Amino acid sequence: MATENKNLSQYDKATIPNAKNFRFGIVVSEWNENITQGLFQGAFDAFIDCGAIKENIVRWNVPGSFELIYGCKKMQESFDMLDAIIAIGSVIQGETKHFDFVCEGVTQGIKDLNIQNDIPVIFCVLTDNNMQQSIDRSGGKHGNKGTEAAIAAIKMAQLRKDSKFYKE
Ligand SMILES: Nc1c(NC[C@H](O)[C@H](O)[C@H](O)CO)[nH]c(=O)[nH]c1=O
Ligand SMILES: CC(=O)[C@@H](O)COP(=O)(O)O
């Protein structure tokens with residue numbers, strides 16, 4: 001289903017675990033900061049709405065989306081008590097193929113972090129053709145992908161917790 005057929009900000013709290021006992025990390029790219037700050041606010045507000053405590057949410061900034069890989073890796077290593085991490089970025093097509101390489105690189109890098117380490121990293125990186133598409137998806141007409149990412153982070157934190165129960 002394309003985003004245009006699904007509002008990114010809609011969620012049913014009855015289907016989401018309470019986040020009061022979870023601790024979250026958010027790594028935010030500074031490229032297209034007007035977009036990434038909107039994504040961050042959407043994620044932060046959704047965490048609080050679902051019961052998270054603001055003191056249990058840690059934020060780091062990185063220069064660009066490509067640096068989300070290293071930033072999330074260091075956050076996994078530095079805060080082993082985190083239950084989930086969100087990687088927030090906004091990549092917008094320019095004149096060259098650089099867009100393709102940044103998008104593919106950060107996608108593969110974050111995928112690898114989910115395979116190699118135990119703290120889930122949620123992919124909240126917009127890869128848009130133009131600024132309007134990014135505006136529409138960071139609190140505009142299509143909702144906020146940051147909100148969607150926070151809900152995914154809560155659900156993955158719960159899955160991770162449940163999986164440890166069965167292992168013990
Ligand atoms: N053009 C965009 C970039 N480019 C920068 C890279 O992410 C990276 O910081 C640089 O190549 C140095 O390693 N980053 C974005 O997040 N968004 C863009 O639109
Ligand atoms: C995603 C990018 O790195 C891109 O926006 C940079 O723009 P350009 O391809 O015109 O150099």
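Here, each number is a calculation from the coordinates, and none is a lab measurement. Keep in mind that what you see is a predicted model, and the values were worked out from it rather than measured. Note that we place each Cβ from the backbone using ideal geometry, even for glycine, and neighbour counts take in every protein chain shown.
What nm distance separates the two modelled labels at Asn130 and Asn7, each placed 7 Å from Cα along Cα→Cβ?
Each label point lies 7 Å from its Cα, and together they span 2.5 nm.
For Val125, enumerate residues with amide H under 5 Å from its amide H, sequence gap 5+ or separate chain, H modeled in the peptide plane.
Counting only residues 5 or more places away or on other chains, the set is Gly89.
May I ask you to list the trypsin sites (Lys or Arg not before Pro) in region 17-58 that are in a DSSP loop and have at most 15 other Cβ atoms within 10 Å of their Cβ?
Answer by residue number: Lys20.
Could you go through region 9-18 in sequence order and give the Karplus-derived ³J(HN,Hα) for each residue, using 6.51 cos²θ - 1.76 cosθ + 1.60 with θ = phi - 60°, rounded to whole Hz, and x for Gly and Pro?
Per residue, the Karplus-derived 3J(HN,Hα) values read 9, 7, 8, 10, 4, 5, 9, 10, x, 6 Hz.
Working out 0.36 nm times the residue gap between Lys167 and Phe101, then minus their Cα-Cα distance, what length gain in nm do you get to one decimal?
Contour length minus Cα-Cα distance gives 19.9 nm.
7 Å from Cα along Cα→Cβ at both Asn34 and Met81: what's the point-to-point distance in nm?
Here the answer is 3.9 nm between the modelled labels.
Give me, ordered by chain and number, the residues 5 or more places off Trp60 or on other chains with an amide H under 5 Å from its own placed amide H.
Hits under the 5 Å cutoff: Ile26, Val27, Val28.
Provide the per-residue ³J(HN,Hα) series for region 81-94, in order, calculated from phi with Karplus coefficients 6.51, -1.76, 1.60 and θ = phi - 60°, each as a whole number of Hz, with x at glycine and proline positions.
8, 5, 9, 6, 10, 10, 9, 10, x, 9, 10, 10, 3, x
At 222 nm, what value in deg cm²/dmol follows for the chain if DSSP H runs of at least 4 each add -39500 (n - 2.57) and the sum is divided by all its residues, to the nearest 500?
Value at 222 nm, helices only: -15000 deg cm²/dmol.
In nm, to one decimal, how far is the modelled label at Arg160 from the one at Lys54, with both set 7 Å along Cα→Cβ?
Here the answer is 2.4 nm between the modelled labels.
³J(HN,Hα) across region 130-142 via Karplus (A = 6.51, B = -1.76, C = 1.60, θ = phi - 60°), whole Hz, x for Gly/Pro?
Each residue of region 130-142 in turn: 7, 5, 5, 4, 5, 4, 4, 10, 10, x, x, 5, 9 Hz.
Could you state the number of Å between the C-alpha centres of region 130-155 and region 14-56?
Result: 12 Å between the Cα centres.
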